[in-house]
Amino acid sequence: VDDRRKVSAGVKFKDYELVGVPFGLVVGRSLADGEVEIRVRATGETIVVPVEEAVSRLREIHAAALKGE
């Protein structure tokens with residue numbers, strides 16, 4: 001959780017990429033529509049999912065990454 005309020009979202013994203021965090025769960029404006037974003041650092045992919053599915057999708061993505069998929 002990065003709750004630095006005086007730092008822009010772009011700085012936070014860059015920091016987690018520099019540190020090597022493999023996945024990011026972004027809670028942003030799409031939350032009003034019931035969605036969050038999963039960002040996959042290895043592929044640069046951003047996946048928009050319903051909030052209710054976020055944990056299960058993140059687990060699937062993580063398991064696939066461990067298998068090398």
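None of the figures in this text is laboratory data; all of them are computed from the coordinates on show. Only a predicted model underlies this, so the values are computations on that prediction, with no experimental measurement involved. Using ideal geometry, Cβ is built from the backbone for each residue, glycine included, and neighbour counts are taken over all protein chains shown.
Annotations for the structure displayed:
- Charge dipole of the chain (Cα centre as origin; +1 on each Lys and Arg Cβ, -1 on each Asp and Glu Cβ, all else neutral): 340 debye, rounded to the nearest 20.
- When the chain is described by a simple charge dipole with +1 on each Lys and Arg Cβ and -1 on each Asp and Glu Cβ, the residue from Pro22, Ile38, Gly10 located farthest towards its positive end is Gly10.
- Sorted ascending by nearby beta carbons within 10 Å, beginning with the fewest, Leu25, Leu66, Leu58 become Leu66, Leu25, Leu58.
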